[in-house]
Amino acid sequence: MIPSITPRVSAATAAPRSPQMAHKILRLPAVKEITGKSRTGIYSDMAKGKFPKPITIGDRAVGWLAESIETWLCERVEQSRRVA
């Protein structure tokens, strides 16, 4: 058995998180899985202003803030319930 190399930190000794550290970034495969949309659909809706834009996380990498995807999804649910 390989011992864990992750240091154990209790909640009492852990440094408090700043609001900026609370963000979670989702990459495209996760966004596709959560929304059920294809890559083409995501980028098409972004161009129309109907889907959240990603943030740059590297020279050739982007990701979406989980909170913006969650907000978008909640808005879609509300919209579908109003129409029906």
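Taking Arg82 as meeting all but one of (1) more than 15 Å from Ile25 (Cβ to Cβ); (2) surrounded by 12 or more Cβ atoms within 10 Å (Cβ to Cβ), write down the number of the exception.
Among (1) more than 15 Å from Ile25 (Cβ to Cβ); (2) surrounded by 12 or more Cβ atoms within 10 Å (Cβ to Cβ), Arg82 violates only (2).
Looking only at residues that are of a type in the set (Val, Ile, Thr) and under 15 Å from Pro29 (Cα atoms) in the stretch 56-70, which one is surrounded by the fewest Cβ atoms within 10 Å (Cβ to Cβ)?
Ranking the qualifying residues of the stretch 56-70, first place goes to Val62.
For the stretch 34-84, which positions are among the β-branched types (Val, Ile, Thr), part of a helix (DSSP H, G or I) and within 19 Å of Ala22 (Cβ to Cβ)?
If the condition is that a residue be among the β-branched types (Val, Ile, Thr), part of a helix (DSSP H, G or I) and within 19 Å of Ala22 (Cβ to Cβ), then Ile34, Ile69, Thr71 are the ones that fit.
Read-outs throughout are calculated quantities, based only on the coordinates presented, and are distinct from any laboratory measurement. Being a predicted model, the structure only gives us computed values, none of them experimental. In this analysis, Cβ positions are derived from the backbone assuming ideal geometry, glycine residues included, and neighbour counts consider all displayed protein chains.
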